[in-house]
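Below: the structure, in structure tokens.
The values are calculated or read from the model by the stated rules, or taken from the named source; none is laboratory data. What you see is a predicted model; the values in this text were computed from it and never measured. As a convention, Cβ positions derive from the backbone with ideal geometry for all residues, glycine included, and neighbour counts pool all protein chains shown. In case anyone asks, the SASA skips ligands and DNA or RNA and just uses the protein heavy atoms, side chains included. Shrake-Rupley method; radii C 1.70, N 1.55, O 1.52, S 1.80 Å.
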Amino acid sequence: VGVEDLYVHDLDGGGTWYTGGYVDNAVRNGGARSIGLGRTYARAALDAVGWRLWEDGLEKGLDKSAIARLLAAAPLIAVSAESLHGASLGIVALDIKTASLPGGANIWSFDQLAAALTPPPADGAAGAPGALP
């Protein structure tokens with residue numbers, strides 16, 4: 001189970017984005033609609049992969065690795081996973097980017113996430129995916 005929408009805040013620049021999710025779910029994470037932040041796994045799914053969600057030694061690509069391992073080990077579990085639209089359920093997922101703090105290196109920077117996620121609407125409509133004031 002995971003959320004497909006989230007807020008991303010850039011602590012350095014002060015910008016905050018709300019996004020409805022990945023631009024192209026067929027490419028991202030093997031088709032998974034949920035974003036890694038806040039994703040949870042059932043015991044049966046973890047048992048199927050021996051409680052090793054991703055390949056050893058990875059520093060990035062963890063979500064994609066986890067999806068690939070689950071699809072190989074338990075395809076029925078993987079394809080029946082739920083993806084929730086948090087905003088419509090009152091769930092808020094927030095990713096804070098902190099590049100300027102000690103130890104604040106991010107696998108995905110604010111700018112990289114902005115490019116990979118649904119872009120802001122041209123009209124800046126309140127409540128719509130995209131940049132927030």
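Report the residue count in region 81-95 for those that are part of a loop (DSSP other than H, G, I, E, B) and of a type outside the set (A, V, I, L, M, F, W, C). Matching residues across region 81-95 total 3.
The residue pairs whose first member lies in region 77-96 and is on the phi < 0 side of the Ramachandran plot and without any contact (Cβ under 8 Å) to a residue 40 or more places away in the chain, whose second member is open to solvent by 90 Å² or more (accessible area, probe 1.4 Å) and not aliphatic (A, V, I, L, M), and whose beta carbons are closer than 7 Å, counting only pairs six or more residues apart or on different chains, do not exist in this structure. Would you pick out the residues in region 64-89 that are within 28 Å of V8 (Cα to Cα), of a type outside the set (K, R) and open to solvent by 50 Å² or more (accessible area, probe 1.4 Å)? Listed by number, the residues that qualify are A68, V79, S80, A81, E82, L84, H85, A87, S88, L89. Residues in region 1-49 that are open to solvent by less than 50 Å² (accessible area, probe 1.4 Å), under 21 Å from G86 (Cβ atoms), modelled with pLDDT of 80 or more and out of contact with any Asp or Glu (no Cβ under 9 Å at 6 or more places or on another chain): 4 in all. Looking across region 90-108 at every residue that is of a type in the set (A, V, I, L, M, F, W, C) and under 19 Å from G13 (Cα atoms), the one that is modelled with the highest pLDDT is identified as L94.
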